[in-house]
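Have a look at the structure below, then the notes.
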Ligand SMILES: NC(=O)c1ccc[n+]([C@@H]2O[C@H](COP(=O)([O-])OP(=O)(O)OC[C@H]3O[C@@H](n4cnc5c(N)ncnc54)[C@H](O)[C@@H]3O)[C@@H](O)[C@H]2O)c1
């Protein structure tokens, strides 16, 4: 694997490297880690890469790697740069013949997301988007139980992703992560809704197996001096007519990574929260609550859930292992290519849907929260 982004002091690059490593199936052998050529090369060497594969730019990496014999060159590229460069990096990697795993949101703008979708289709190569919460065993179990009809027909979903790290004026410039996320030129058309709202959006579609079709949203900028949303909520409808509410905010004091979801059907409901990912509650009307725990030896869980557990019950599974499950699926798909297309990650179409969700929420918010269809947003 070659990496684009994730240089010294970066937030998610190291998480991707550790997660890829946990799979035991992926080796990082090349990278362009920074837009500063010298910093990029130096960091690659610090990571232990061969100096001639610690590149100064992603263009250089893609060109040199593509010229190596097939059994020596990288097979895939991991993109962990800020949102504004996802599209250029992904399209260049696909054009050079490499499979791509990319962090969310798919791009800064819907137009760039559609550019990536086209490049994936034209190349016939694999593309995986990393929404890591869907790699948790019990997130998979929720999807399996809902698909099996355990809670009946879905009627209502409540989902929220709340953080507090951008709560104050001084937070906007407190870290490089905060600086680019608060800058529309780098974050893209949205702030909090793109950064964490898309996780909540994808979790709803992943667990319910239903698409969000329309939203009525209010996006706000709470902290003075900011020019991008840092807080918001959207009512939404699912394809079966069910209703939901999604909140995404980075100004909720005291909240860390409070991603929580409740899904109600006509038979029962499911509750899961990523800060306590090792328990999921199922409530069936008139019966005592059931609390499920993940474990490779928990025979009452689905096969897919058990396959996502690396340890028996009682040993907590965490964020890095959930992330590693995405990498494991991606590595399997690369090995099987072109036989099986499923990367186990979110697809490029899921990523485009996330960008349509952001665009529709922004349009709705500007129009006094008018209901806005995702498939109707223009580019
Ligand atoms: N899946 C998740 O849970 C999750 C969590 C955090 C961040 N993210 C996403 O990951 C991406 C990166 O976020 P971050 O917080 O790690 O950002 P960051 O600012 O910490 O790191 C970005 C890195 O990319 C490098 N970079 C920038 N432009 C580059 C270029 N042209 N070529 C090579 N390297 C370049 C920077 O030098 C830096 O090292 C964003 O899209 C963000 O939304 C996802």
Q. Going by a ≥ b ≥ c, the root eigenvalues of the Cα gyration tensor, does the range 239-379 fall in the rounded group (a/c under 1.5), the prolate group (a/b larger than b/c) or the oblate group?
A. oblate
Q: Have a look at 72, 321, 218 and tell me which one the Gaussian network model of the chain (Cα, springs below 10 Å) gives the largest fluctuation.
A: 72
**Q.** Simple spin-label estimate for residue 57 and residue 178 in nanometres, 7 Å along Cα-Cβ
**A.** 3.2 nm
Q. So what is the relative contact order for the range 1-154, in percent, with contacts set as C-alpha pairs under 8 Å and at least six apart?
A. 18 percent
(Q) Relative contact order of the chain, please, whole-number percent, based on alpha carbon pairs below 8 angstrom and at least 6 residues apart. (A) 19 percent
Q: Measure nothing but the geometry: give the 0 to 90° angle between the long axis through the Cα atoms of 319-336 and the longest principal axis through the Cα atoms of the chain, rounded to 10°.
A: 60 degrees
Q: Inverting the mean 1/r over all pairs of different Cα atoms, compute the Kirkwood radius of the chain and quote it in Å.
A: 21.2 Å
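Before rounding to the nearest 500, sum -39500 (n - 2.57) across all DSSP H runs of length at least 4 in the chain and divide by the residue total; then give [θ] at 222 nm in deg cm²/dmol.
Helix contribution divided over all residues of the chain: -10000 deg cm²/dmol.
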Q: Would you calculate the separation in nanometres between label points at residue 373 and residue 29, each defined as 7 Å from the Cα along the Cα-to-beta-carbon direction?
A: 4.9 nm
Q) Ranking 327, 133 by Cβ neighbours within 10 Å, fewest first, what do you get? A) 133, 327
Q. Of the residues 20, 217, 39, which exhibits the maximal mean-square fluctuation in a Gaussian network model of the chain defined by a 10 Å Cα contact cut-off?
A. 39
Q. What length, rounded to one decimal in nm, is gained on full extension from residue 38 through to residue 168, with 0.36 nm per residue of separation minus their alpha-carbon distance?
A. 43.4 nm
Q. So for the pair residue 290, residue 46, with labels modelled 7 Å out along Cα→Cβ, what separation do we get in nm?
A. 4.9 nm
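Calculate, in whole percent, how much of the Cα-Cα pair population of the range 1-160 lies beyond 25 Å.
Of all Cα-Cα pairs in the range 1-160, 36 percent lie more than 25 Å apart.
Expressed in nm to one decimal, what extension gain is obtained for the pair residue 185 and residue 240 from 0.36 nm per residue of sequence separation less their Cα-Cα distance?
Details: separation 55, 0.36 × 55 = 19.80 nm, distance 3.67 nm.
Contour length minus Cα-Cα distance gives 16.1 nm.
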(Q) Defining a contact as two alpha carbons under 8 Å apart and six or more residues distant in sequence, what relative contact order in percent does the range 101-187 show? (A) 22 percent
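Readers should treat all values here as calculations from the given coordinates under stated rules, not as data from a laboratory. What you are looking at is a predicted structure, and each value in this text was computed from that prediction instead of being measured. Backbone-built Cβ (ideal geometry, glycine too); neighbour counts: all protein chains shown.
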